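J.: The structure is given below, and queries will be raised subsequently.
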Amino acid sequence: MEQPTLITNPINAENKDLTFSILLRLYCREFTNWSPYIGLPKYDQVVKHALENSGSDIHLRIDFSTEEIEVYVPVVYYSATGNHLFKPKLIQRNRRNDEVKELDLSSFFELAFKEGRKNYPQWQSIDIESGVKQAIAALEQTAQEYIMKEVYFSDLLLDHLPSSITSYLQKHLENFDISENVQSQLEDLFVIVGILGQKELMEEHLSLNYIYDQFRQKGEEFKAIPDQRKSKIKGTFFSHFAAYDRLVQNMLHYAFFSPDLLLPQIKREVFSKYFEQEKVQISFRPFDLDRDLEMVFEWFHKDHAKTIWKMDWPIAELELFYRTLLPGRFSHSYIGEINGEAIFNFEIYWATNDVLGDYYEVLPSDYGTHLFIATTDKTKKFPALITRSIVEWMFSQPQVNRMVGEGSVESLAALMNKVHVGFKLQHIIEMPHKKAYLNFCIREWYLEKFPESKELINTNF
């Protein structure tokens, strides 16, 4: 096994790239106005020219909507646990006048603080101008502490090789003390997971899966650690000016991350089924920006789509949506075909990381979908067969235990279609944009309706 390259001489100018990465990690950990952004846009020439020489196919896009500014950062390594690596370059685009320029850390910090005031109105009275340099210096010192931690765990890893990676993880888990600061110990584990991912020794979601399983086996007193959806942390990025808390997702829930559903690495067909009685072939494939963007733009501007799907945006805005959706890990888009003709679009979402998860006792193995059928020709729609196909494919994935949904109370036909294939309506929830019926489906309910599909469904959850 190839040994990983270690970080050496941590506190010197040679590690300014890592210091920069850690500063941005701290921001991304505490705030959510960012997303990964893939490729170069076709319909936004300003962003295309700004990014085309960065040397990265993935950028971090940070949206400072208060100032109508977006900032792009070239990504070297995108991490499930937030241990990203970036090139030390901040590219600012002003949406008011399309001006593009490089940003220094002080200007970035000021932008970020102004944006943060939306979450913390009490910050309005804080004047940060005179203290920005001191705040950044304090953050850089914090970054050096993180670097020392990464060096320490990298050294331990080098000493451990060529033994198995799981035994390296197990060694750290054996020292986990439930009576000490649990969140701090978890963060150390996540640093280790990030190092393994960066060095391509073990994919992060697999490391997290192993850790999750070990905690579940440790006994009742440890079960709260993998079970909790979110935990509270003390804010760091703006701590020079104010004390504040943030809620962060439980990274251990990546034990239920399905790369086949949420981050497919292929563009070809992922599912196909022929329904003999109806003489219908249904198949679907991951959304392809080059192939599908103009098509769904046309779909979403149809009259029935405007009222239901509500994505009748300018094409540049729609392209932005997909360039930030597709490289993420919480949802993905697919195109469905019926008898070889593109007919429908659906999005899969991981419920624990979706707004729906705030409205019921969500499980990390809950997945949902949003379905849009483009055609209005009733001879081509086959909604029940489409829903069956999606359910069967998703239940073939071992990470999915329950399918969930939030169908509008006004969409009775769509709700009855789901009931037809095994979903059960729960109760009405009041969401910001609609009143909806929460609905669930598990494998057993589906197979009660369609026992002939058992061979297509993974029943070993």
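The values are calculated or read from the model by the stated rules, or taken from the named source; none is laboratory data. Because the structure is predicted, anything quoted here is derived from the model rather than measured. Quick reminder, even Gly has a Cβ in these numbers, built from the backbone with ideal geometry, and neighbours come from all protein chains shown. Calculation scope for accessible area: heavy atoms of the full protein, side chains included, ligands and nucleic acids excluded. Shrake-Rupley method; radii C 1.70, N 1.55, O 1.52, S 1.80 Å.
J.: Here is a list of conditions, (1) open to solvent by 40 Å² or more (accessible area, probe 1.4 Å); (2) among the acidic types (D, E); (3) within 21 Å of the chain's Cα centre (by Cα); (4) under 18 Å from S107 (Cβ atoms), and E68 meets all of them except one; can you say which number that is?
T.: (3)
J.: Identify the single condition in (1) surrounded by fewer than 21 Cβ atoms within 10 Å (Cβ to Cβ); (2) touching a residue at least 40 places away in the same chain (Cβ under 8 Å); (3) not basic (K, R) that F237 does not satisfy, given that it satisfies every other one.
T.: Every condition holds for F237 apart from (1).
J.: Can you pull out every residue in the stretch 250-269 that is among the polar types (S, T, N, Q) and open to solvent by less than 60 Å² (accessible area, probe 1.4 Å)? Don't jump to the end; show me each part of the working.
T.: We begin by selecting, within the stretch 250-269, every residue among the polar types (S, T, N, Q); these are 250, 258, 265.
Listed by number, the residues that qualify are N250, S258.
J.: Moving to a separate point now. Within the group K118, K89, K114, which residue is open to solvent by 20 Å² or more (accessible area, probe 1.4 Å), in contact with a Pro (Cβ under 7 Å, 6 or more places away or on another chain), over 24 Å from L201 (Cβ atoms) and not aliphatic (A, V, I, L, M)?
T.: Numbers: K118 fails: in contact with a Pro (Cβ under 7 Å, 6 or more places away or on another chain); K114 fails: in contact with a Pro (Cβ under 7 Å, 6 or more places away or on another chain).
Going through K118, K89, K114 in turn, the sole match is K89.
J.: Then there is this: If a residue has to be closer than 27 Å to I147 by Cβ, assigned to a helix (DSSP H, G or I) and either without any contact (Cβ under 8 Å) to a residue 24 or more places away in the chain or open to solvent by 20 Å² or more (accessible area, probe 1.4 Å) (or both) to count, how many in the stretch 194-211 make the cut? Show your work before the answer.
T.: First pass over the stretch 194-211, keeping only residues closer than 27 Å to I147 by Cβ: 194-208, 210-211.
Checking the rest, the ones that are also assigned to a helix (DSSP H, G or I) come to 194-198, 204-208, 210-211.
With either without any contact (Cβ under 8 Å) to a residue 24 or more places away in the chain or open to solvent by 20 Å² or more (accessible area, probe 1.4 Å) (or both) added as a condition, the list becomes 198, 205-206, 210.
Residues meeting the conditions: 4.
J.: Just to check your reading of the model, which residue among K273, K302 is touching a residue at least 12 places away in the same chain (Cβ under 8 Å), under 15 Å from G336 (Cα atoms) and more than 26 Å from the chain's Cα centre (by Cα)? Working first, answer last.
T.: Numbers: K302 fails: under 15 Å from G336 (Cα atoms).
Exactly one of K273, K302 is touching a residue at least 12 places away in the same chain (Cβ under 8 Å), under 15 Å from G336 (Cα atoms) and more than 26 Å from the chain's Cα centre (by Cα), namely K273.
J.: For the stretch 62-88, how many residues meet the condition of being in a strand (DSSP E or B) and not acidic (D, E)?
T.: Looking only at the stretch 62-88, we keep the residues that are in a strand (DSSP E or B), and these are 62-64, 69-77, 85-86.
Right, trim to not acidic (D, E) and you get 62, 64, 69, 71-77, 85-86.
The qualifying residues number 12.
J.: Within the group T5, T19, which residue is in a loop (DSSP other than H, G, I, E, B), closer than 26 Å to Q141 by Cβ and either within 23 Å of the chain's Cα centre (by Cα) or modelled with pLDDT under 95 (or both)? Give the steps one after another, and end with the answer.
T.: Details: T19 fails: in a loop (DSSP other than H, G, I, E, B).
Answer to the check: T5.
J.: Cβ-Cβ below 8 Å, separation at least six or inter-chain, first residue in the stretch 212-230 and assigned to a strand (DSSP E or B), second aliphatic (A, V, I, L, M): which pairs?
T.: K230/L247; K230/V248
J.: Yes or no: N339 open to solvent by less than 10 Å² (accessible area, probe 1.4 Å), polar (S, T, N, Q), at pLDDT 95 or above and out of contact with any Leu (no Cβ under 7 Å at 6 or more places or on another chain)? Walk me through how you get there before you give the answer.
T.: Details: open to solvent by less than 10 Å² (accessible area, probe 1.4 Å): no; polar (S, T, N, Q): yes; at pLDDT 95 or above: yes; out of contact with any Leu (no Cβ under 7 Å at 6 or more places or on another chain): yes.
In short, no.
J.: Okay, next question. Within the stretch 140-176, count every residue that is loosely packed, with under 14 Cβ neighbours inside 10 Å and among the hydrophobic types (A, V, I, L, M, F, W, C).
T.: Here the count works out to 2.
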